[in-house]
Each structure stands twice: as structure tokens, then as C-alpha cells.
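This report refers to the structure that appears directly beneath it.
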Amino acid sequence: MRILSWNINGVRTLPQYHPWNTFTSFQGILEHLKADIICFQEMKTSRSSLSRCVALPEDFEAFFSFPQNKGGYSGVAVYANSRTVIPLRAEEGLSGILQPKPPLTSDDRISCSYPCTHEIELMPDEHGSTPSDFAALDAEGRALIVDFGLFVLINVYCPNETSDARLPFKINFHVMLQDRVQKLMNEGREVVVVGDINVCATPLDHCDGHLASNTATFYDHPARAWFHRWLSPIGCMTDAVRTFWPGRKAMYTCWNTKISARETNYGTRVDYILVTPGMLPWIKHGDIQPSLKGSDHCPIYIDLHDEITTDAGERLFLRDVLPINGNREDLPRLAARRWEEYSGKQKLLSMFFEKGNKLHPPSNSPLSSLSPTPDTQLPRDHSGTAQPDHTQSAIVIPPSNPSLSSRNSACASTSQPPEPSLQSNPSPSRQTTLPASSTKRKPSDNAAKKAPKKLKGGQSKLSSFFAQPTVSHPCSQEISPSDVTDYQDYIDSDHQLALELAASLENPLSQGLATSATPSASQSKAAWSQLMAPIQPPNCLVHGEPAKEHTVNKPGLNKGKTFFLCSRSVGPGYDKGKSERLREEVDHRYRCNFFKWGNDARREAKDKFSAS
């Protein structure tokens, strides 16, 4: 039997990666993982948006915990292969506060005692207040407890320390988890804790743990100090995977994808499978699976023996101590198969819009199968084919004609063909038909002959950038003061850079319109080529190599702006900056701290071109 844990970072995003995008159902994804008990963290969905194929895989029983207030955030799930094991009981959360309706009976509960705030020491928040209950800690959908007879499985997604204010929440969740495990052990139960703990156990589990500045103060962090005390030999929990790889380096399970840290295995090990002492004889092997992509984490797993021999010489078979031949009708109440929306008793709005009134039609796309069924569709005929609404009228909108330049009309006697007249009627073949409301209305004649919108001051027409300069035309008239004003407005337009570039090539327009000579074709081509050419990336100062362009995606004033960083990959000892990395610990084989905004790079390239 295999128990697998994986932080998938969103159940909707997983099928977008290979090999998960090759499967036509979520059942295929579960089968590919080749595990009997599969534990996911960061589902990032809600019960209302969960599709049927995710909630009810054909050969798996599913259990979920969703955040109560934040949609698309956190969330954990446990899938049990019904062909090999059937869960006995299941609970949501660690405190026992989260209960279905009606609440669980004593027979449905996994244990009879739960953590109490007055029995454990909690960390006060930034205001000095200590939580009076665990309601807030259990409200983010971070824990599931499932009873498999031989052991009690706890699937957790522990909080991350996103800020100093979040540290008390993180520590208190850890303490609540530890107390729940201890109470289960006091009742004689063996416990398996799996999931994303969001803590590095030892310096060996951190990419920069070998640096002297980190080794000396590694356990000063409260979360690391707590984890160190909970693990053996000090505590009761054993890191099952590490027992098979005691000195293995770079056994990381999480990487920062924003800096492409996975390429050089610059990561951390924050995903664990922890077991109580009584489960150690059953564990056959454990490892990580970094080759499986689709998330910023990778799966971890342990395998169990089919049989063991106790100290008393008794042979125990796994099939005898696990509930294998269970009945699906006796599933725990928390199982998704027992939800009202999947029992056939509760009708959904989407049922009235689906072909054949089926609850969820089959889909050939894994992406569409993971999305909730739409509540509205087009009206359908008796065969189920979507039909447009023919009761609507149509509005005929003629395309608008470009305005006629006065200068072009003055040169109609030249060899150039005249532009189309403003009063010419549009061709019927170019008319566009759009659906309108059910009230039939004919477009007014005024709308069809609407005059073009007047240009604002300083605004130029697009056609002006492709026309020959007026001063160079044989039929050109004498330049008036208004021409100079129009040209000044043109200077103030968004194409100021183009004119400055033309000025560097001695364009007569940029010299006060004093001459009628025009730039040569080669000069114009060079000017526009330089203007439209992509920016040549600057070289980083340490390695002298072209930098790599990035774009700011974080909301704020700089969103959408580009910047350049050193193109080398990150690695142990890469230069994070003087404030975050000691100079003697910098390894110049990896990324340096070069940074330059894209606007600065453009300005430097323009100055260099003008100087040449």
C-alpha cells in the first residue's frame, strides 16, 4: 500500500501541465499517481464550484475541507482507493468545532477528546490577545482526519508565515495539531501526519542551510524550534522519508517558481510524512518524486509492508488490519458521495439546462471537466442542439469612413489617386449585422450619416504618419503659421520619439520646415527599424552577460513595467543583495544582484544611437 501527499497548488491548474493534460478525467490523474491513499493540499476551490468528476471519481472515495470565508484559497482533500481500502470515519478540522448538519454522533467521531485552549499554551497576537477558541484556526480548510483502522491519517496544510503578524496564527496551528495527535496517542491510536508543514526540519532541508550565517541561527525561528522539539529523538513523531535517506542532500520538495529555482534545485523540504512509533515496523520505503511537475511542490510517499512480524513472533497481514472489504453505503458522513447534491434528491439549477436532464454530462477535455457546470445556456430544440433566438431584430451599422485631408484634396490633380469621398455610401457587402433587443427599431438616417468625430487639440490622424510631407510636394502651398502650430501639436503627440529619431537623421521637418528636401529611403528605413527594434538587453556588471527581461505582475504602480535581471540561474549563495547575503558567502557562479528598469535601458539605447 502506498500513501502519497502532494501540494498541487490548485486543482484547476494541475490539468494544464504534462502529463496531467493527457487524461480525459480526474480518475486518470489519480490512477497515474499509483497510490492507495492520496492526500492533496491547496485545492483552491469551494464546494459549490467543485465538479462532479473531482468529487466522485469512479474508484475513489473523496473527502474535502474548504475554507469558510475565502473562496479559491487553501483547502485539503483525501482520496481513498475503494478497491484497496475503505475509510471508517472522517472529521473536518483539528478542534472538533467543524460539524456537519446534524452533528456527528459519538460513534461517528474518531476520538472522544479534542484540544482545549486552557490546556495548551498559545502565542498572543500583535495586540497581546490570546485566542479563546480554535474557531479561527480551523476556518481556513487546513485539516482532514480520516480513520483507517490501523492508523489515523491527518492531512494538513499548515499556515505560511507571510508576515510577522501571521506568525502567532502559524504557531498556534502547530500547537493545536500537536495536541490533537497527542490526544489520539493517549487513546492508543497510531497516527500518520502528512502534508505541507511549511517548516524546514534541519539545515539539511534548506538550500542555504549550509551557510555559516544560517547554521548558527537556524533553530532561532519559533516554528523551527517547535518542529525540532516535536520530532524524534526529542519528540514522538518520526520523519518517515528521512529515515531512509539520513544524509541525502538537496532532497527538496518545494521551489520558488518566480525565480526558476527548480531548474537548479534551489529549494526547501517542507512536505513531510510523520508517523508515531507504532507505525515504523509497517513502513517499507519512502521517497520524493521531483520528476512529477504541475505545482511548485512535488509529491512524497511511503510504502507499507504487506505483512510484518511482531516482537512476540506474531505475523500480521496488512489486509487483516485495514478495512478493505467495506461497504460504500456505510461511508463516513463527510464523504463526498454522501453529499446531498450527489444523492439524487437535491436538484441543481444546471440540471434544467443540460441535455437529457443529466446532472453532469461527460466531457472530453480535462480542463472543462474540472470547471463547474454553467447555469445558463442557449435555448435548445428537441434534439438538444443549441438554437439562436430568431425573435430578435437586426441593426445595420455602416462602417465609418476616414475623414478627408484638406491637403490631399488640394493635390487631386497630381498622379496620385484621390481618396474616397466622405459622402460616398458604404457597400452593402461591408455592412455588419448585429443582434438587437426584441423591440424592432430601424436605425435612423442621422446615425448612418453621422459625421466623423472631431480631433482634439494635439491629436493626429493615423493616415498622417503614412502621407508624404506637404512641403516636399510639387503642389504644396506656402507654409502658414497654422501649419507650424499643427506641427507643434504633432510634436506633443505620443510619437515624439519617432520625430526625435528623425531629427537625428537631419530630417528637414525637424529643422523648422526650412527646406523642401526629404530624407532618403535608406535613412527612413534605418530610423523606423531602430524605433521598432526590440531593446538590446544590457549586460550584467559581474558576468558581463546579457540580462534577462521580466515583467512586473504584482498589483501596484509598477504593474506591467519591464525590468532586467542577471540571466544566470539562482543557486546556493546567489547574490540576493548586501542586506540579505553576506559578501563572503556570495557564489558568483549563480545570479548576481544586477537590476535595471526597462525604461532606463531604452533611454540608454536611444542616447547611444543618437550619439552614433
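The values are calculated or read from the model by the stated rules, or taken from the named source; none is laboratory data. Keep in mind that this is a model prediction, so the values were computed, not measured. FYI the Cβ positions are ideal-geometry reconstructions off the backbone, even for glycines, and counts take in every protein chain you see. When the accessible area is computed, the model is the full protein with side chains, heavy atoms only, and any ligands, DNA or RNA have been set aside. Shrake-Rupley method; radii C 1.70, N 1.55, O 1.52, S 1.80 Å.
Computed quantities for the displayed model
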{"read-out": "Accessible area of the stretch 229-345 divided out per residue, in Å², using a probe of 1.4 angstrom", "value": "51 Å²"}
{"read-out": "Cβ charges +1 (Lys, Arg) and -1 (Asp, Glu), total dipole of the stretch 78-140, debye", "value": "500 debye"}
{"read-out": "Nonlocal amide H pairs with Val152, under 5 Å, H built at 1.01 Å", "value": "Glu190, Val191, Val192"}
{"read-out": "Packing-based order for 137-144, 184-191, 162-169, using average beta carbon neighbours within 10 Å, highest first", "value": "137-144, 184-191, 162-169"}
{"read-out": "Around Ser46: net Lys/Arg minus Asp/Glu count, Cβ-Cβ under 12 Å", "value": "+4"}
{"read-out": "Set Lys249/Lys284; Lys258/Lys596; Lys461/Lys525; Lys249/Lys554; Lys44/Lys183 screened for pairs whose C-alpha atoms are more than 24 Å apart", "value": "Lys249/Lys554; Lys44/Lys183"}
{"read-out": "FRET efficiency for Gln536 and Ser260, using Cβ-Cβ distance with R0 set to 30 Å, rounded to 0.05", "value": "0.85"}
{"read-out": "Accessible heavy-atom area order of Asp196, Asp607, highest first, probe of 1.4 Å", "value": "Asp607, Asp196"}
{"read-out": "Karplus (6.51, -1.76, 1.60) ³J(HN,Hα), θ = phi - 60°, over the stretch 128-134, in Hz, Gly and Pro reported as x", "value": "x, 8, 9, x, 8, 8, 9"}
{"read-out": "For peptides 311-317, 233-239, sequence by mean Cβ density within 10 Å, most packed first", "value": "233-239, 311-317"}
{"read-out": "Per principal axis, descending, Cα span of the stretch 534-576 in whole Å", "value": "30, 28, 13"}
{"read-out": "Pair Ser232, Lys293: separation of 7 Å Cα→Cβ label points (nm)", "value": "3.7 nm"}
{"read-out": "All-pairs alpha carbon distance profile, the stretch 56-116, 10 Å steps from 0, percent", "value": "18, 42, 35, 4"}
{"read-out": "Highest to lowest packing among 13-26, 265-278, scored as the average C-beta count within 10 Å", "value": "265-278, 13-26"}
{"read-out": "Two-site FRET efficiency, Glu314 against Asn186, from Cβ-Cβ distance with R₀ of 25 Å, rounded to 0.05", "value": "0.50"}
{"read-out": "His285 accessible area, assembled protein chains, probe 1.4 Å, Å²", "value": "60 Å²"}
{"read-out": "Surrounding net charge for Gln289, when Lys and Arg each add one and Asp and Glu each subtract one, Cβ distance under 12 Å", "value": "+1"}
{"read-out": "Net charge, Arg89 excluded, C-beta distance under 12 Å - Lys, Arg +1, Asp, Glu -1", "value": "-3"}
{"read-out": "Residues with amide H under 5 Å from that of Thr45, placed H, sequence gap 5 or more", "value": "Gly72, Tyr73"}
{"read-out": "Inter-probe distance in nm under a simple model that places probes 7 Å from Cα toward Cβ, at His18 and His588", "value": "3.8 nm"}
{"read-out": "Qualifying GluC sites (Glu not before Pro) for the stretch 553-593 [loop in DSSP, other Cβ within 10 Å: at most 13]", "value": "Glu580"}
{"read-out": "Spin-label model distance (nm) - Glu545 vs Ser113, 7 Å beyond Cα toward Cβ", "value": "5.9 nm"}
{"read-out": "Net lengthening on full extension, Leu280/Lys561 (0.36 nm per residue, minus Cα-Cα)", "value": "95.8 nm"}
